[in-house]
1. Restricting attention to region A:117-142, which residues are more than 14 Å from every other protein chain (Cβ to nearest Cβ), open to solvent by less than 30 Å² (accessible area, probe 1.4 Å) and of a type outside the set (A, V, I, L, M)?
2. Which of the residues spanning region A:22-64 are more than 12 Å from ligand 1 (Cβ to nearest atom), under 10 Å from residue A:6 (Cα atoms) and in contact (Cβ under 8 Å) with a residue 40 or more places away in the chain?
3. Can you confirm whether residue A:114 is at the interface with another protein chain (Cβ under 10 Å from one of its Cβ atoms) and exposed (fewer than 15 other Cβ atoms within 10 Å of the Cβ)?
4. Going residue by residue through region A:66-75, is there one that turns out to be in contact (Cβ under 8 Å) with a residue 60 or more places away in the chain and facing chain B (nearest Cβ under 10 Å)?
5. Go through the residues of region A:185-202 one by one and say whether even a single one is under 26 Å from residue A:155 (Cα atoms), within 16 Å of ligand 2 (Cβ to nearest atom) and touching a Gly at 6+ places or on another chain (Cβ under 7 Å).
6. Being over 21 Å from residue A:96 (Cβ atoms) and of a type in the set (Ser, Thr, Tyr): is that true of residue A:153 here?
7. Within region B:178-193, does at least one residue satisfy the condition of being under 30 Å from residue A:161 (Cβ atoms), open to solvent by 50 Å² or more (accessible area, probe 1.4 Å), more than 13 Å from every other protein chain (Cβ to nearest Cβ) and in a helix (DSSP H, G or I)?
Amino acid sequence: MAMLEVKGLQVYYGVIQALKDISFEVNQGEVIALIGANGAGKTTTLHTLTGLLPAKQGSIVFEGKDITKMPAHKIVEMGIAHVPEGRRVFSQLSVYENLIMGAFTRKDKKEIAENLENVYKRFPRLQERKNQRAGTLSGGEQQMLAMGRALMSNPKMIVMDEPSMGLSPIFVNEIFDIIEKVSASGTTVLLVEQNAKKALSIADRAYVLETGNIVLSGDAKELMNDDSIKKAYLGE
Amino acid sequence: MSFVQFLINGISLGSVYAIIALGYTMVYGIAKMLNFAHGDVIMIGAYTVLTLLTGAGVNPWLAVLIGMVTCTVLGITIEKIAYRPLRNASSSLAVLITAIGVSYFLQNIALLIFGADTKSFINIITLPPVSLAEGQIVLTGTTTVTIIACIIIMTGLTLFVNKTKPGRAMKAVSEDRGAAQLMGVNVNATISLTFAIGSGLAAIAGVLLCSAYPSLTPYTGAMPGIKAFVAAVFGGIGSIPGAMVGGILLGIIEILGKAYISSQVADAIVFAVLIIVLLVKPTGLFGKNIQEKV
Ligand SMILES: Nc1ncnc2c1ncn2[C@@H]1O[C@H](COP(=O)(O)OP(=O)(O)O)[C@@H](O)[C@H]1O
Ligand SMILES: [Mg+2]
């Protein structure tokens, strides 16, 4: 059985249907990419998965447990951490306080301290700026903070929404390096990206979304060579 | 009376406004709503304490404690029954109208239970007055206790918000509710806690207010409630130090206005100052500049 099984998801904003029929699976240890044009429903899918939006139809099962109706703050405890679109760090809090917020569901002080040390090791810039207000960081640094904050909960699965959006090429490469390292350390990754080329290059498998439906799925390397994908998403 | 004496009286009244304004500002910051029933919670607190004192002869400290618990429970209940169902309402006007409705509801409940006649509050503050400058300046026991209470509450609340886990959760919810949920913060519980704290403080404000101005009617909370709201906006709504500074400045302006200009137009002066401040700095004295997100 897959670690995450999403079946027949339908989601509405008022009367407007944003997700029509979304089904996908994520296996333990995989890097899965969700790609698709702006407005396809990627963010909506992730928000529904982590409990910020209610599903009208369909089910979400994580490690055998139905979490479709579970409130967001309980889903974190299940082991899913969400790095939201636009980073959404707490700009008035310091870098350190943001990271501590990431460990909100953790009780063990020693474990939190260890996590913090690991995050600082992974993102030395965050340690340098730990007392700085998050709002004063650059976009790339905020993205690192958002990722570090998510890792503070020791997640089994990390869900990332457009981590490379608006970043300079140097930062984009750095962020993708980090995603690969996070994956190598055993965390399952679900990655939403408009930068399809980059996403497919590090993913095991991928799903393509179009106006609320999954229209294509398969092995990431194969999708990279698919003509329709090349034309629509890779700009070739 | 001397200027310094008026100033002290102003700080004392302003301290009460500050304590009430804290409730307004915290609820606004975290639940993003104006709880216009907040002033009436003060009145309920004062009636509760007075009833315990005169009707049951309860020890004053215990009476205040029970008053705080009563208001805390009342605040949590109001939020749960009246405001929570509207949390995701598309119009914030619905919440505002509900809050005004709750305010009238509380006033009418008080009318029903305690009657419309003015009750005279028993001052439970037994601290003796202090004379300074050869009797030129008098610090009544009530003044001293009010100012000290305000300082303790401010300090305690600032420490709570900055140094404790539930406090940090409040800051996180106030900035980005969705992101706070993704961290594992229970938003409903956090909002309940905010109402609990604000309402508990309202009980203290009620006792302090009625100790200084000992006449109690079902409408006693309304005007101080509005002024505290003004103080919160004045200081920058959502900001805890803003509520403190806004409240004290408002008290000083009101008392000085009454003393040197006219007691009839003192309230008008208060609102005029608010308008001027908001024209110059729309976010209030301590208002955060909302940063553009990149
Ligand atoms: N808060 C909202 N209210 C109404 N419609 C929305 C809202 N957010 C997104 N949508 C609509 O839902 C669809 C999917 O959006 P989204 O999930 O953000 O797409 P993506 O992340 O793939 O760019 C779009 O048509 C978008 O306009
Ligand atoms: Mg999106």
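The values are calculated or read from the model by the stated rules, or taken from the named source; none is laboratory data. Everything numeric here is computed off the predicted structure, so don't read it as measured data. Because the Cβ atoms are built from the backbone with ideal geometry, glycine has one as well, and the counts that use them run over all protein chains shown. To get the accessible areas, we keep the full protein, side chains included, count just its heavy atoms, and leave off ligands, DNA and RNA. Shrake-Rupley method; radii C 1.70, N 1.55, O 1.52, S 1.80 Å.
1. Within region A:117-142, A:120, A:123 meet the criteria.
2. First pass over region A:22-64, keeping only residues more than 12 Å from ligand 1 (Cβ to nearest atom): A:23-33, A:50-51, A:54-64.
Now restrict to residues that are under 10 Å from residue A:6 (Cα atoms): A:23-26, A:58-62.
Of everything in region A:22-64, those that are more than 12 Å from ligand 1 (Cβ to nearest atom), under 10 Å from residue A:6 (Cα atoms) and in contact (Cβ under 8 Å) with a residue 40 or more places away in the chain turn out to be A:23, A:24, A:26, A:58, A:59, A:60, A:61, A:62.
3. On the way: at the interface with another protein chain (Cβ under 10 Å from one of its Cβ atoms): no; exposed (fewer than 15 other Cβ atoms within 10 Å of the Cβ): yes.
Here the answer is no, as residue A:114 does not meet what is asked.
4. There is no residue in region A:66-75 that is in contact (Cβ under 8 Å) with a residue 60 or more places away in the chain and facing chain B (nearest Cβ under 10 Å).
5. no
6. Details: over 21 Å from residue A:96 (Cβ atoms): no; of a type in the set (Ser, Thr, Tyr): yes.
No; evaluated as a whole, the condition is false for this residue.
7. The answer is yes, given that some residue of region B:178-193 is under 30 Å from residue A:161 (Cβ atoms), open to solvent by 50 Å² or more (accessible area, probe 1.4 Å), more than 13 Å from every other protein chain (Cβ to nearest Cβ) and in a helix (DSSP H, G or I).
To keep it simple, each residue is scored yes or no on (1) modelled with pLDDT of 95 or more; (2) in contact with a Pro (Cβ under 8 Å, 6 or more places away or on another chain); (3) closer than 26 Å to residue A:79 by Cβ.
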residue	(1), (2), (3)
A:140	no, no, no
A:146	yes, yes, yes
A:150	yes, no, yes
A:156	yes, no, yes
A:160	yes, no, yes
A:170	no, no, no
A:190	yes, no, yes
A:195	no, no, no
